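Below you'll find the structure, written out as C-alpha coordinates, and then a few comments.
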Amino acid sequence: MGANTVRLLVASADQGCLVSIREDRAQLGLGEEIERAGRIGEKKLAEAAETAKAHVRRARKLSCTSIAVLVTSPGRQAANGQELVTRLADATNVSTHVLTAQEEGELAWRGAVTAAANLPETVAVCDVGGGSAQIAVGTGRRPSWVRSLDIGSLRLTRRAFRSDPPDTEDVARATSIVAAEFDKLTPPLPLAAIAVGGTARALRKVVGDDLADETLLLAVRRLSKKSSGKIAKEYGLDETRARTMAAGALILLEIHRRLAVPLQVGRGGVREGAALALLESAEAAVRSA
(Lines give C-alpha, C1' and ligand atoms only; values in the text may rest on other atoms or scores of the structure.)
Protein backbone atom coordinates (compact mmCIF):
# COMPACT_ATOMS: atom_id res chain seq x y z
CA MET A 1 0.00 0.00 0.00
CA GLY A 2 1.72 3.13 -1.26
CA ALA A 3 1.00 6.82 -1.61
CA ASN A 4 -0.73 6.45 -4.98
CA THR A 5 -1.89 2.86 -5.35
CA VAL A 6 -2.57 -0.44 -3.63
CA ARG A 7 -1.00 -3.33 -5.53
CA LEU A 8 -1.38 -7.08 -5.29
CA LEU A 9 1.21 -9.61 -6.40
CA VAL A 10 0.64 -13.37 -6.19
CA ALA A 11 3.75 -15.29 -7.20
CA SER A 12 5.67 -18.53 -6.97
CA ALA A 13 9.38 -19.30 -7.33
CA ASP A 14 11.10 -21.30 -10.05
CA GLN A 15 14.83 -21.91 -9.58
CA GLY A 16 15.29 -18.65 -7.70
CA CYS A 17 13.23 -16.60 -10.17
CA LEU A 18 9.83 -15.11 -9.42
CA VAL A 19 6.85 -16.25 -11.49
CA SER A 20 3.88 -13.90 -11.40
CA ILE A 21 0.48 -15.61 -11.09
CA ARG A 22 -1.83 -12.66 -10.49
CA GLU A 23 -1.38 -8.89 -10.28
CA ASP A 24 -3.94 -6.22 -9.45
CA ARG A 25 -3.87 -2.55 -8.64
CA ALA A 26 -6.29 0.04 -7.29
CA GLN A 27 -5.87 3.80 -7.25
CA LEU A 28 -6.32 5.07 -3.69
CA GLY A 29 -4.38 8.34 -3.32
CA LEU A 30 -3.49 8.20 0.38
CA GLY A 31 -0.49 10.45 -0.21
CA GLU A 32 -2.67 13.27 -1.55
CA GLU A 33 -4.69 13.30 1.67
CA ILE A 34 -1.59 13.07 3.87
CA GLU A 35 0.04 15.99 2.06
CA ARG A 36 -3.12 18.08 2.40
CA ALA A 37 -4.15 17.23 5.98
CA GLY A 38 -1.21 15.43 7.57
CA ARG A 39 -3.35 12.38 8.29
CA ILE A 40 -5.70 9.88 6.62
CA GLY A 41 -9.40 10.62 6.97
CA GLU A 42 -12.06 8.09 7.90
CA LYS A 43 -13.33 7.69 4.33
CA LYS A 44 -9.86 6.83 3.00
CA LEU A 45 -9.15 4.52 5.96
CA ALA A 46 -12.32 2.56 5.18
CA GLU A 47 -11.51 2.49 1.46
CA ALA A 48 -7.97 1.27 2.15
CA ALA A 49 -9.27 -1.50 4.42
CA GLU A 50 -11.86 -2.67 1.86
CA THR A 51 -9.32 -2.62 -0.97
CA ALA A 52 -6.79 -4.62 1.03
CA LYS A 53 -9.50 -7.07 2.09
CA ALA A 54 -10.46 -7.66 -1.57
CA HIS A 55 -6.81 -8.19 -2.58
CA VAL A 56 -6.23 -10.68 0.25
CA ARG A 57 -9.43 -12.52 -0.66
CA ARG A 58 -8.08 -12.98 -4.20
CA ALA A 59 -4.78 -14.23 -2.84
CA ARG A 60 -6.50 -16.80 -0.63
CA LYS A 61 -8.63 -18.05 -3.53
CA LEU A 62 -5.35 -18.75 -5.34
CA SER A 63 -4.23 -20.88 -2.35
CA CYS A 64 -1.36 -18.65 -1.21
CA THR A 65 0.66 -20.24 1.57
CA SER A 66 2.14 -16.92 2.78
CA ILE A 67 0.44 -13.52 2.71
CA ALA A 68 1.71 -10.18 3.98
CA VAL A 69 0.30 -6.67 3.85
CA LEU A 70 3.04 -4.05 3.53
CA VAL A 71 2.63 -0.29 3.85
CA THR A 72 5.21 2.14 2.49
CA SER A 73 5.34 5.94 2.94
CA PRO A 74 1.71 6.45 4.12
CA GLY A 75 2.47 4.43 7.25
CA ARG A 76 5.56 6.52 7.98
CA GLN A 77 4.26 9.96 7.06
CA ALA A 78 0.63 10.05 8.25
CA ALA A 79 0.02 11.23 11.80
CA ASN A 80 -2.37 8.27 12.20
CA GLY A 81 -0.23 5.73 10.37
CA GLN A 82 -0.71 3.20 13.17
CA GLU A 83 -4.48 3.49 12.83
CA LEU A 84 -4.10 2.59 9.15
CA VAL A 85 -2.10 -0.51 10.10
CA THR A 86 -4.74 -1.57 12.64
CA ARG A 87 -7.58 -1.13 10.16
CA LEU A 88 -5.76 -3.14 7.49
CA ALA A 89 -4.88 -5.95 9.89
CA ASP A 90 -8.46 -6.15 11.21
CA ALA A 91 -9.97 -6.16 7.70
CA THR A 92 -7.62 -8.79 6.26
CA ASN A 93 -6.70 -10.89 9.31
CA VAL A 94 -3.14 -10.75 7.95
CA SER A 95 0.04 -9.48 9.56
CA THR A 96 0.45 -5.85 8.46
CA HIS A 97 3.81 -4.12 8.57
CA VAL A 98 4.96 -0.57 7.87
CA LEU A 99 8.23 -0.86 5.97
CA THR A 100 11.04 1.28 7.26
CA ALA A 101 12.79 3.35 4.62
CA GLN A 102 15.74 0.94 4.87
CA GLU A 103 13.51 -2.10 4.35
CA GLU A 104 11.73 -0.50 1.40
CA GLY A 105 15.03 0.27 -0.31
CA GLU A 106 16.39 -3.24 0.32
CA LEU A 107 13.27 -4.96 -1.02
CA ALA A 108 13.18 -2.77 -4.13
CA TRP A 109 16.86 -3.56 -4.78
CA ARG A 110 16.35 -7.29 -4.38
CA GLY A 111 13.24 -7.37 -6.56
CA ALA A 112 14.86 -5.37 -9.35
CA VAL A 113 18.25 -7.12 -9.32
CA THR A 114 16.68 -10.59 -9.29
CA ALA A 115 14.55 -9.73 -12.32
CA ALA A 116 17.46 -8.25 -14.30
CA ALA A 117 20.12 -10.00 -16.39
CA ASN A 118 23.77 -9.35 -17.23
CA LEU A 119 24.38 -6.85 -14.45
CA PRO A 120 27.83 -5.55 -13.50
CA GLU A 121 29.28 -6.02 -10.02
CA THR A 122 27.88 -2.85 -8.44
CA VAL A 123 24.27 -1.86 -9.11
CA ALA A 124 22.02 0.94 -7.90
CA VAL A 125 18.24 0.68 -7.73
CA CYS A 126 16.06 3.74 -7.34
CA ASP A 127 12.35 3.75 -6.64
CA VAL A 128 10.47 7.05 -6.83
CA GLY A 129 7.07 6.59 -5.23
CA GLY A 130 4.35 9.09 -4.53
CA GLY A 131 5.55 10.04 -1.05
CA SER A 132 9.23 9.14 -0.96
CA ALA A 133 12.21 8.04 -3.02
CA GLN A 134 14.66 5.24 -2.21
CA ILE A 135 18.14 4.69 -3.59
CA ALA A 136 20.07 1.48 -2.85
CA VAL A 137 23.54 0.50 -4.05
CA GLY A 138 25.19 -2.85 -3.59
CA THR A 139 26.56 -6.12 -4.86
CA GLY A 140 25.53 -9.74 -4.44
CA ARG A 141 22.27 -10.45 -2.63
CA ARG A 142 21.68 -7.20 -0.78
CA PRO A 143 22.57 -3.52 -0.94
CA SER A 144 25.35 -2.09 1.21
CA TRP A 145 24.09 1.51 1.03
CA VAL A 146 20.44 2.62 1.27
CA ARG A 147 18.98 6.09 1.60
CA SER A 148 15.42 7.39 1.56
CA LEU A 149 14.19 10.91 0.92
CA ASP A 150 10.76 12.18 1.93
CA ILE A 151 10.05 13.56 -1.51
CA GLY A 152 8.03 11.62 -4.07
CA SER A 153 6.22 12.50 -7.29
CA LEU A 154 2.88 13.21 -5.64
CA ARG A 155 4.38 15.12 -2.72
CA LEU A 156 6.51 17.28 -5.04
CA THR A 157 3.54 17.95 -7.34
CA ARG A 158 1.47 19.20 -4.41
CA ARG A 159 4.27 21.41 -3.10
CA ALA A 160 5.59 22.90 -6.34
CA PHE A 161 2.98 22.93 -9.10
CA ARG A 162 0.33 25.62 -9.18
CA SER A 163 -1.08 24.86 -12.63
CA ASP A 164 -1.87 21.90 -14.88
CA PRO A 165 0.23 21.60 -16.95
CA PRO A 166 3.07 23.03 -14.82
CA ASP A 167 4.52 26.30 -16.11
CA THR A 168 8.14 27.47 -16.09
CA GLU A 169 7.88 28.83 -12.55
CA ASP A 170 6.40 25.55 -11.32
CA VAL A 171 9.25 23.54 -12.83
CA ALA A 172 11.83 25.93 -11.37
CA ARG A 173 10.17 25.69 -7.94
CA ALA A 174 10.14 21.88 -8.11
CA THR A 175 13.77 21.78 -9.22
CA SER A 176 14.75 23.94 -6.23
CA ILE A 177 12.86 21.69 -3.79
CA VAL A 178 14.51 18.57 -5.21
CA ALA A 179 17.97 20.16 -5.04
CA ALA A 180 17.42 21.01 -1.37
CA GLU A 181 16.27 17.46 -0.54
CA PHE A 182 19.32 15.93 -2.26
CA ASP A 183 21.79 18.54 -1.03
CA LYS A 184 23.92 16.28 1.18
CA LEU A 185 23.34 12.99 -0.59
CA THR A 186 26.55 11.37 -1.84
CA PRO A 187 25.89 7.78 -2.93
CA PRO A 188 28.64 5.35 -3.88
CA LEU A 189 28.92 5.34 -7.67
CA PRO A 190 27.58 2.17 -9.31
CA LEU A 191 28.41 0.66 -12.68
CA ALA A 192 24.71 0.46 -13.62
CA ALA A 193 21.40 1.71 -12.27
CA ILE A 194 17.83 0.45 -12.47
CA ALA A 195 14.73 2.60 -11.99
CA VAL A 196 11.62 0.82 -10.72
CA GLY A 197 8.18 1.86 -9.56
CA GLY A 198 5.18 3.54 -11.13
CA THR A 199 6.94 6.79 -12.04
CA ALA A 200 9.66 5.02 -14.03
CA ARG A 201 7.18 2.69 -15.75
CA ALA A 202 5.01 5.64 -16.80
CA LEU A 203 7.98 7.63 -18.11
CA ARG A 204 9.00 4.66 -20.25
CA LYS A 205 5.86 5.31 -22.31
CA VAL A 206 7.00 8.89 -22.93
CA VAL A 207 10.75 8.57 -23.60
CA GLY A 208 11.66 4.88 -23.55
CA ASP A 209 13.72 2.65 -21.26
CA ASP A 210 16.85 4.82 -20.92
CA LEU A 211 16.47 7.65 -18.41
CA ALA A 212 19.37 10.10 -18.55
CA ASP A 213 19.81 13.88 -18.83
CA GLU A 214 18.58 14.19 -22.39
CA THR A 215 15.57 11.89 -22.10
CA LEU A 216 14.44 13.09 -18.67
CA LEU A 217 14.65 16.76 -19.69
CA LEU A 218 12.72 15.84 -22.84
CA ALA A 219 10.09 14.16 -20.65
CA VAL A 220 9.73 17.30 -18.52
CA ARG A 221 9.31 19.44 -21.64
CA ARG A 222 6.71 17.12 -23.15
CA LEU A 223 4.77 16.76 -19.91
CA SER A 224 4.80 20.52 -19.32
CA LYS A 225 2.99 21.19 -22.61
CA LYS A 226 -0.16 19.14 -21.98
CA SER A 227 -2.72 18.84 -19.22
CA SER A 228 -2.79 15.68 -17.12
CA GLY A 229 -6.03 14.67 -18.84
CA LYS A 230 -4.43 14.82 -22.29
CA ILE A 231 -1.31 12.99 -21.05
CA ALA A 232 -3.44 10.23 -19.52
CA LYS A 233 -5.36 9.78 -22.75
CA GLU A 234 -2.27 9.86 -25.00
CA TYR A 235 -0.21 7.37 -22.99
CA GLY A 236 -2.93 5.19 -21.49
CA LEU A 237 -2.39 6.24 -17.87
CA ASP A 238 -4.50 7.10 -14.86
CA GLU A 239 -4.97 10.87 -14.70
CA THR A 240 -3.59 10.88 -11.15
CA ARG A 241 -0.39 9.27 -12.40
CA ALA A 242 -0.22 11.62 -15.38
CA ARG A 243 -0.44 14.65 -13.10
CA THR A 244 2.65 13.62 -11.10
CA MET A 245 4.92 12.46 -13.94
CA ALA A 246 6.76 15.74 -14.52
CA ALA A 247 7.62 15.94 -10.83
CA GLY A 248 8.74 12.30 -10.88
CA ALA A 249 10.97 12.99 -13.89
CA LEU A 250 12.69 15.84 -12.02
CA ILE A 251 13.40 13.57 -9.05
CA LEU A 252 14.78 10.83 -11.31
CA LEU A 253 16.90 13.43 -13.11
CA GLU A 254 18.56 14.39 -9.83
CA ILE A 255 19.09 10.74 -8.91
CA HIS A 256 20.67 10.09 -12.31
CA ARG A 257 23.05 13.02 -11.83
CA ARG A 258 24.04 11.83 -8.36
CA LEU A 259 24.69 8.27 -9.55
CA ALA A 260 26.49 9.44 -12.73
CA VAL A 261 25.07 6.59 -14.86
CA PRO A 262 21.90 6.31 -16.98
CA LEU A 263 18.87 4.73 -15.32
CA GLN A 264 17.38 1.70 -17.05
CA VAL A 265 13.67 1.16 -16.43
CA GLY A 266 13.52 -2.28 -14.90
CA ARG A 267 11.10 -4.96 -13.82
CA GLY A 268 10.60 -5.93 -10.22
CA GLY A 269 10.58 -3.75 -7.14
CA VAL A 270 9.29 -3.72 -3.57
CA ARG A 271 6.48 -6.25 -4.12
CA GLU A 272 8.75 -8.66 -5.94
CA GLY A 273 11.45 -8.33 -3.28
CA ALA A 274 8.87 -8.97 -0.56
CA ALA A 275 7.50 -12.01 -2.43
CA LEU A 276 11.00 -13.46 -2.76
CA ALA A 277 11.56 -12.98 0.98
CA LEU A 278 8.23 -14.66 1.82
CA LEU A 279 8.95 -17.61 -0.45
CA GLU A 280 12.44 -17.96 1.01
CA SER A 281 11.04 -18.02 4.54
CA ALA A 282 8.41 -20.61 3.58
CA GLU A 283 11.04 -22.86 1.99
CA ALA A 284 13.26 -22.55 5.07
CA ALA A 285 10.35 -23.53 7.31
CA VAL A 286 9.68 -26.63 5.21
CA ARG A 287 13.33 -27.67 5.33
CA SER A 288 13.52 -27.30 9.09
CA ALA A 289 10.24 -29.16 9.75
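The values are calculated or read from the model by the stated rules, or taken from the named source; none is laboratory data. This is a predicted model, so every value here is computed, not measured. Note that we place each Cβ from the backbone using ideal geometry, even for glycine, and neighbour counts take in every protein chain shown. Heads up: the accessible areas ignore ligands, DNA and RNA and are worked out on the full protein's heavy atoms, side chains in. Shrake-Rupley method; radii C 1.70, N 1.55, O 1.52, S 1.80 Å.
With protein chains left intact and a 1.4 Å probe, residues in the chain average 46 Å² of accessible area per residue. Connecting C-alpha atoms closer than 10 Å in a GNM of the chain, tell me which of Thr86, Thr139, Thr186 has the biggest fluctuation. Of Thr86, Thr139, Thr186, the most mobile in the Gaussian network model is Thr186. Distance from the Cα centroid of the stretch 66-106 to that of the stretch 167-191 is 28 Å (rounded to whole angstrom).
Can you figure out the FRET efficiency of Thr65 with Thr100, using R₀ = 25 Å and their beta-carbon distance, to the nearest 0.05? About 0.45, to the nearest 0.05. Assuming charge only on the beta carbon of Lys and Arg (+1) and of Asp and Glu (-1), the dipole of the stretch 1-143 about its Cα centre is about 380 debye to the nearest 20. Using the beta-carbon distance between Asp167 and Glu239 and R0 = 22 Å, what value does 1/(1 + (r/R0)^6) give for FRET efficiency, to the nearest 0.05? Efficiency at R0 = 22 Å is approximately 0.70. Each of Val270, Thr186, Gly236 was placed along the dipole of the chain (beta-carbon charges, centred on the mean Cα), and the one lying farthest toward the positive end is Gly236. Charges were assigned to the Cβ only: +1 to each Lys and Arg, -1 to each Asp and Glu. The resulting dipole of the chain about its Cα centre is roughly 500 debye. Comparing Glu254, Glu239, Glu42 in a Gaussian network model of the chain, where Cα atoms under 10 Å apart are tied by springs, the biggest mean-square fluctuation is seen for Glu42.
For the chain, which whole percent of the accessible surface, found with a 1.4 angstrom probe, sits on carbon and sulfur atoms?
Carbon and sulfur: 48 percent of the exposed surface of the chain.
The charge dipole of the stretch 80-198, taken about the Cα centre with unit charges on the Cβ atoms of Lys, Arg (+1) and Asp, Glu (-1), comes to about 160 debye, rounded to the nearest 20. Where only DSSP H runs of four or more residues are counted, the chain gives -16500 deg cm²/dmol as its mean residue ellipticity at 222 nm, each run worth -39500 (n - 2.57).
Please work out how much length the chain gains when fully extended from Asp90 to Arg142, using 0.36 nm per residue of separation minus the C-alpha to C-alpha distance, in nm with one decimal.
Numbers: separation 52, 0.36 × 52 = 18.72 nm, distance 3.25 nm.
Roughly 15.5 nm would be gained on extension.
The slack in the chain from Glu23 to Ala79, taken as 0.36 nm per residue of separation less the alpha-carbon distance, amounts to 17.2 nm. When both bridge partners sit in the chain, DSSP labels roughly 70% of those beta bridges antiparallel. Among Gly198, Gly38, Gly131, which one shows the highest mean-square fluctuation when the chain is modelled as a Gaussian network with alpha-carbon springs under 10 Å? Between Gly198, Gly38, Gly131, it is Gly38 that shows the largest mean-square fluctuation.
Among (1) 20.4; (2) 14.8; (3) 16.2, find the value of mean projected area of the Cα convex hull in nm² that was calculated from the structure presented, and write down its label. Checking each listed value against the structure points to (2).
Computed extension length for Glu283-Lys205: 24.3 nm, one decimal, from 0.36 nm per residue of separation with the Cα-Cα distance subtracted. Remark: relative contact order (the chain) = 20 percent; criterion is Cα-Cα distance under 8 angstrom and separation of 6 or more residues. With Cα atoms defining each centre, the stretch 229-286 and the stretch 108-157 are spaced 9 Å apart in the structure. Shown for the chain: lysine pairs separated by 8 or more places, or found on different chains, whose C-alpha atoms are under 28 Å apart, numbering 12.
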